[in-house]
Amino acid sequence: MALPKRITIHEVGPREGIQIEKNPIATSEKIRFIDMLSECHFYEIETVSFVNPKWVPSMADAEDVVAGIIRVPGTRYTSIYLNVQGMNRAVATRKLDVEGSLSVTASETFSKKNTNRTIDETLAETRKRVDAFREAGVPASEVSVMAAFGCNYEGDIPPFRVIGLVDRLLGIARDNDLDIKLIQLADTMGWANPLAIRRMVGMVQDRWPDKRINLHLHDTRGMGLANAFAAMEMGVDDFDSAVAGLGGCPYAGFKDAPGNITTEDLVHMCHEIGVETGIDLPRLLEVAREAETIFGHPLPGKVMRGGHLASYRQRAAEAQQQPA
């Protein structure tokens, strides 16, 4: 299949990056970070998570962060939450684009560690959450399966288990007259490879050809860009990524909990192969470099160090025009 002409990128760095950091980051710096990303023309920036600060202390100031950011027209500002209480906190800000998602984890062990619920308990809670969506006027058009490709605790996840979970979530949606447009597959612990991506994406496309697919990829073992390219070859045009390679899950069983696929590296690859993103790459590279100052340590992005090739081409062209 031909590559898509354009992809949509959801920037998750502020939420995924800050939740995993051990060093405290000032509220003002979190706000500044999000405002800088707003200058890069993202479709969506995931800003905070509304979770119990006892378990994720770095998100204790979520409301203050949201109150301080400057919204830019054309960009959606979203958050995540694990329960109805978190959703209500997001709605109460009156500043976020609050969305509903029917989500479950394909690994029983990781589900318990990450949300303190079994898979069946999560599905039961999801049915209750749909009522809360309706009551709060929150739209829900997405289903999501985390740890869809593998789990550090349980090993490889059988693709048919993932398909079965998607089917159960879509069944809940149908029972509640929800119009699901997108299926998210999350490689939460970085187990995917290009062949696994093609297999899983192909199975979803065969079963639900009318649904769009989003991939939430982690670059844990260095295959993030290869996996994204494999998905694009299958027609996938919707991705999550994190500036400078921030992110990671604190309950995934890693020593260092490596982060998401790097946004600027993904954007650079796309621009090099003729796939549009709408992202201002030079400005994004500046933000990625500044992120190292904000977070106080080196980050794994590559293009922010090597530079994007368009700038080198321009310099080479200018040098050739100079008189000998």
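The values are calculated or read from the model by the stated rules, or taken from the named source; none is laboratory data. Small disclaimer: the values here were computed from a predicted structure and weren't measured. Counting neighbours? That spans all protein chains shown, and the Cβs are built from the backbone with ideal geometry, glycine included. Accessible surface areas use protein heavy atoms only, side chains included; no ligands, DNA or RNA. Shrake-Rupley method; radii C 1.70, N 1.55, O 1.52, S 1.80 Å.
Summary table
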| quantity | calculated |
| --- | --- |
| Three-way shape call for the range 168-276 based on the alpha-carbon gyration tensor, with the a/c threshold at 1.5 | oblate |
| Nearest-10 value in Å² for the accessible area of Lys302, using the 1.4 Å probe | 140 |
| Contact order normalised by residue count of the range 44-85, Cα under 8 Å, 6+ apart, percent | 58 |
| Per residue convex hull volume, Cα atoms of the range 91-232, in Å³ | 121 |
| Normalised contact order of the range 1-129, rounded percent, pairs of Cα under 8 Å and 6 or more residues apart | 20 |
| Of Val303, Ser38, Ala231, farthest towards positive along the dipole that unit charges on Lys, Arg, Asp, Glu beta carbons give the chain | Ala231 |
| Probe 1.4 Å, all protein chains present, accessible-area order of Leu309, Leu182, largest first | Leu309, Leu182 |
| Solvent-accessible surface (1.4 angstrom probe) belonging to Lys95, in square angstrom, nearest 10 | 50 |
| Most to least accessible of Asp61, Asp280, Asp175, Asp131 (protein chains only, probe 1.4 Å) | Asp175, Asp131, Asp280, Asp61 |
| log₁₀ of I(q)/I(0) at q = 0.12 Å⁻¹ - the chain, Debye sum with one point per alpha carbon | -0.80 |
| Tail weight of P(r) past 18 Å, computed on alpha-carbon pairs of the range 81-163, percent | 45 |
| Cα centroid separation - the range 265-324 against the range 69-119, whole Å | 31 |
| Theoretical ellipticity at 222 nm over the chain - DSSP helices of four or more residues, -39500 (n - 2.57) apiece, nearest 500 | -13500 deg cm²/dmol |
| Proximal charge balance of Thr122 [Cβ under 12 Å; K/R count +1, D/E count -1] | +2 |
| Estimated inter-spin distance, His297 and Ala60, nm [label 7 Å along Cα→Cβ] | 2.0 |
| The range 83-168: GluC sites (Glu not before Pro) in DSSP coil with no more than 14 other Cβ atoms inside 10 Å | Glu154 |
| Signed unit charges on C-beta, dipole axis of the chain, positive-most listed residue Ala186, Cys270, Ile69 | Ala186 |
